[in-house]
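The block underneath contains the structure these notes are about, expressed in structure tokens.
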Amino acid sequence: MSLQQMYQAMAQKASFAVGFNQASYSIFDIGFFPGDARAEIQIRANGDVWAQRLNGADGVIGSWVTGSGFDANDYDFQWVTTGNNPNWGPSDPISPSWVNGGGTIVWGAEETGAGTFIATGVIHIRPAGGGADIDTATATLNAESTP
């Protein structure tokens, strides 16, 4: 049994399962120049994955854990860029840095002029402090400001 399988088995015995409930997330926001556009993904300590938009509806778009009895501090998250790096967020780093899941993690794309900015990447979950990935999901953040 691999470390990842053993970790998942332990989590299931604790009445919760860790892993994204979707393989990919796509968030789009549009603003009308001179207004800005911002699309962000938030990994929240309660197990939710949120879409936050400057000009559109916000809300839950998925989860990274199901069940109860988990401690978000037991997990780390990482954004690995596959296209552009996120260009907005409250100092949440991109690869190779890992961020602990005990607080809200935010990565975003922002367009402050007339145009489009798209950030794409893969979000990884692992046990806090190290170990094999538990799960991954792709993310596309698209911010567009049009005249």
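Tabulated values for the structure
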| item | result |
| --- | --- |
| Test: residue in the stretch 60-67 that is over 24 Å from VAL18 (Cα atoms) and not in a helix (DSSP H, G or I) | no |
| Hey, ALA57 in contact with a helix residue (DSSP H, G or I) (Cβ under 8 Å, 6 or more places away or on another chain), surrounded by fewer than 19 Cβ atoms within 10 Å (Cβ to Cβ) and not in a strand (DSSP E or B) or not | no |
| Members of the stretch 102-115 found to be surrounded by 17 or more Cβ atoms within 10 Å (Cβ to Cβ), at pLDDT 95 or above and over 15 Å from ILE41 (Cβ atoms), listed by number | GLU111 |
| Some residue of the stretch 63-70 being modelled with pLDDT under 95 and crowded, with 19+ Cβ neighbours inside 10 Å | no |
| Some residue of the stretch 25-43 being of a type in the set (D, E, K, R), surrounded by fewer than 21 Cβ atoms within 10 Å (Cβ to Cβ) and not in a loop (DSSP other than H, G, I, E, B) | no |
| Exclusive hit being surrounded by 14 or more Cβ atoms within 10 Å (Cβ to Cβ), over 17 Å from ALA51 (Cα atoms) and in contact (Cβ under 8 Å) with a residue 12 or more places away in the chain, set ILE118, ILE134, ILE123 | ILE134 |
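The values are calculated or read from the model by the stated rules, or taken from the named source; none is laboratory data. Remember, predicted model here, so these are calculated numbers, not experimental data. FYI the Cβ positions are ideal-geometry reconstructions off the backbone, even for glycines, and counts take in every protein chain you see.
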